[in-house]
Amino acid sequence: MAGNSQRRNRRTSNKKGMQVGSGGNRRRALEGRGPTPPAEDRKKHKKNRMATAKAKQAASRRPAPRRGGVKGTSEMVVGRNPVFEALRDGVPATTLYVQQFIDNDERVREALQLAGQRGNINLMEAPRPELDRMTNGLNHQGLVLQVPPYEYADPQDLTAAAYDNGQDPLIVALDGVTDPRNLGAIVRSVSAFGGHGVVVPERRAAGMTAGAWKSSAGTAARTPVSRVTNLTRALEAYKKEGIAIVGLAADGEHTVEDLEALGGPVVIVIGSEGKGLGRLVGETCDYRVRISMPGGAESLNAGVAAGIVMYEVARRRA
């Protein structure tokens, strides 16, 4: 018993005396720090450095300037011959729909071959009821080609392109031309004689449809077309830039071959074959010119008239 008492005494004699408490700091130090943050949030981690660098690049990158104007609406070309001709003539397309179990005649094979050569046209097989629904019951003959919306240029882009190339602007504006084939033919003339684009109004005028694209013989790919809400205001904006506005009219005070203004920066305005220029558009023009026609014809097709005036402008600039 004495030995046990001595051992207990030795144990108690080794205990430390009273000490100042830690105030719970040691207990908090032992508490967990929560879940490990992602690598991107840890300052010295490689992924954090990469994320920081990307953020700086994004902040320093300026947004690209807005180019182009409004977009048109998508269009469907239906029927074996129209689809084949659209593909042959280079009309832009996104998808060729082919009816299931279609009779594989020569036109179908040629259309599929042309679409395959493009490399960027999707080929989709669809049942006849689906093609009927897509075309509102038109006689599609098992082939439907989807044409994407045409992206119209901004009217100021046309003059900017001319100035960038050190040239005087040469633009054709159309007032009341409703036939897409005329629009396509005019685009072709503008391209052939070094013009910088075509301006058309949104209302009561032809737009860049598949038919217009076909008539342009592929030149629509490099000749921009601008669509404006108000043609008169667009012409006035061009006038403020120092560009002459020349309207084509059967009773014009000047002839095409005599008007010196055609040698400088100019917008040529062409009206419809029947009604000609509208009143407000005609009043906006600086000059009204006529094409001499010894044969006695009262008027010319808009596409033909545009080609004649464009040739005269190109001749003066040569």
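Computed quantities for the displayed model
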quantity: The lone exception for E236 - which of (1) closer than 23 Å to D157 by Cβ; (2) in a strand (DSSP E or B); (3) not β-branched (V, I, T) it fails; calculated: (2)
quantity: Residues being charged (D, E, K, R) and without any contact (Cβ under 8 Å) to a residue 40 or more places away in the chain - total across region 129-162; calculated: 3
quantity: Every residue from region 155-174 that is within 19 Å of R204 (Cα to Cα) and either in a helix (DSSP H, G or I) or open to solvent by 30 Å² or more (accessible area, probe 1.4 Å) (or both); calculated: P155
quantity: Check on N122, on the phi > 0 side of the Ramachandran plot and out of contact with any Lys or Arg (no Cβ under 6 Å at 6 or more places or on another chain); calculated: no
quantity: Qualifying positions in region 286-315 - under 15 Å from R181 (Cα atoms), open to solvent by 30 Å² or more (accessible area, probe 1.4 Å) and in a helix (DSSP H, G or I); calculated: V304
quantity: Residues that are under 17 Å from R88 (Cβ atoms) and in contact with a Leu (Cβ under 9 Å, 6 or more places away or on another chain), drawn from region 124-145; calculated: L143, V144, L145
quantity: All positions within region 188-202 that are assigned to a helix (DSSP H, G or I) and either open to solvent by less than 30 Å² (accessible area, probe 1.4 Å) or among the hydroxyl-bearing types (S, T, Y) (or both); calculated: S189, V190, S191
quantity: Residue that is nearest to the chain's Cα centre (by Cα) [pool: residues in region 214-230 that are basic (K, R) and surrounded by 15 or more Cβ atoms within 10 Å (Cβ to Cβ)]; calculated: R227
quantity: Test for G184: is it open to solvent by less than 60 Å² (accessible area, probe 1.4 Å) and within 28 Å of the chain's Cα centre (by Cα); calculated: yes
quantity: Matching entry among A185, A205 (being out of contact with any Phe, Trp or Tyr (no Cβ under 6 Å at 6 or more places or on another chain), within 29 Å of G79 (Cβ to Cβ), in contact (Cβ under 8 Å) with a residue 24 or more places away in the chain and not in a helix (DSSP H, G or I)); calculated: A205
quantity: Any hit, region 262-272, residues being open to solvent by 70 Å² or more (accessible area, probe 1.4 Å) and either more than 21 Å from P149 (Cβ to Cβ) or touching a residue at least 24 places away in the same chain (Cβ under 8 Å) (or both); calculated: no
quantity: Top-ranked residue in region 239-256 [being over 13 Å from V281 (Cα atoms) and in contact (Cβ under 8 Å) with a residue 60 or more places away in the chain; ranked as most open to solvent (accessible area, probe 1.4 Å)]; calculated: E241
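The values are calculated or read from the model by the stated rules, or taken from the named source; none is laboratory data. This is a predicted model, so every value here is computed, not measured. A quick note on method: Cβ atoms are made from the backbone with ideal geometry, for glycine too, and the neighbour counts reach across all protein chains shown. With ligands, DNA and RNA removed, areas are computed over all heavy atoms of the protein, side chains included. Shrake-Rupley method; radii C 1.70, N 1.55, O 1.52, S 1.80 Å.
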